[in-house]
Amino acid sequence: MPLGSVLAFWGVAALLIAVPGADWAFAISAGLRRQVLPAAGGIVLGYLTMTLVVAAGLGVLVASTPVALLALTVAGGLYLIWLGFKTVRHPSTPGSAPVGGRGGTLLEGMAVSGLNPKGLLVFVALLPQFTDPSARWPMPVQLAVLGLTFVGTCAMVYPCVGAGAHALLRARPAVSRFVSRISGASMIVVGTLLVAERLLA
């Protein structure tokens, strides 16, 4: 597999990850509770699971099965809405105790990324464009390498997002609560759009 293809995909992946969304909102909220590593680890594990699903060929099956895609979209959207409401009702402040502990934060992070149907569709549509059918590496291996490139980039970015939020807002509890509520509201909006887009399609 040409190194140039991996680097080209990495550039695209970095741009996608840099765009704030549900992952950013969750990482910021968790960062205010000093749960940076569990949150980032959960997000990374969610995308790692998605990588395995796509490399195994199941991603295309899910994306091409309307009932499965509808179920995933609704489940992911409703989960984001629930998590967003929870964050709005109980905004994070620097050092506030996490609900469910580190394990709960890890599982929430996995759900935020792993149940994101947009992420699955991006993987299914994007990864194959950077593969080479004539390469010596089998297609599943190429997809896994590209997916792991995405996962590795997430592992570098989201700890910085969470830690940055904590560092910038740790001495400003009122601003922290406001930012946390904005993060929760963002998750509600993203979840609502996911569900509405699929149900109205």
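General observations
- Taking the conditions (1) under 18 Å from ILE81 (Cα atoms); (2) exposed (fewer than 14 other Cβ atoms within 10 Å of the Cβ) in turn, ALA135 satisfies each one other than (1).
- Single match in CYS154, CYS160 (criterion: over 19 Å from GLY191 (Cβ atoms) and either surrounded by fewer than 16 Cβ atoms within 10 Å (Cβ to Cβ) or of a type in the set (Ser, Thr, Tyr) (or both)): CYS160
- Restricting segment 115-167 to residues that are closer than 27 Å to SER183 by Cβ and outside any helix (DSSP H, G or I) leaves a set whose member that is nearest to the chain's Cα centre (by Cα) is ASN116.
- Those residues of segment 168-177 which are free of Cβ contacts under 8 Å to residues at least 24 places away in the same chain and assigned to a helix (DSSP H, G or I), in sequence order: LEU168, ALA174, VAL175
- Only listed residue being surrounded by fewer than 20 Cβ atoms within 10 Å (Cβ to Cβ), out of contact with any strand residue (DSSP E or B) (no Cβ under 7 Å at 6 or more places or on another chain) and modelled with pLDDT under 90, chosen from THR87, THR49, THR93: THR93
- In the set (1) crowded, with 22+ Cβ neighbours inside 10 Å; (2) without any contact (Cβ under 8 Å) to a residue 24 or more places away in the chain, the condition left unmet by VAL36 is number (2).
- Of the residues making up segment 51-90, those that are under 20 Å from TRP24 (Cα atoms) and touching a helix residue (DSSP H, G or I) at 6+ places or on another chain (Cβ under 6 Å) are THR51, THR73, GLY76, GLY77, TYR79, LEU80, ILE81, LEU83, GLY84, THR87, VAL88.
- Screening LEU37 on (1) among the aliphatic types (A, V, I, L, M); (2) over 11 Å from the mean Cα position of the chain (by Cα); (3) modelled with pLDDT under 90; (4) closer than 30 Å to VAL179 by Cβ shows it passes everything except condition (3).
Here's the yes/no breakdown for (1) in contact with a strand residue (DSSP E or B) (Cβ under 9 Å, 6 or more places away or on another chain); (2) over 21 Å from GLY11 (Cβ atoms); (3) among the aromatic types (Phe, Trp, Tyr); (4) modelled with pLDDT of 85 or more:
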| position | (1), (2), (3), (4) |
| --- | --- |
| TRP137 | no, no, yes, yes |
| PRO140 | no, yes, no, yes |
| ALA144 | no, no, no, yes |
| PHE150 | no, no, yes, yes |
| MET156 | no, no, no, yes |
| SER180 | no, yes, no, no |
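The values are calculated or read from the model by the stated rules, or taken from the named source; none is laboratory data. These numbers were taken from a predicted model, which means no experiment stands behind them. Positions of Cβ are generated from backbone atoms using ideal geometry, with glycine treated the same way; all protein chains shown enter the neighbour counts.
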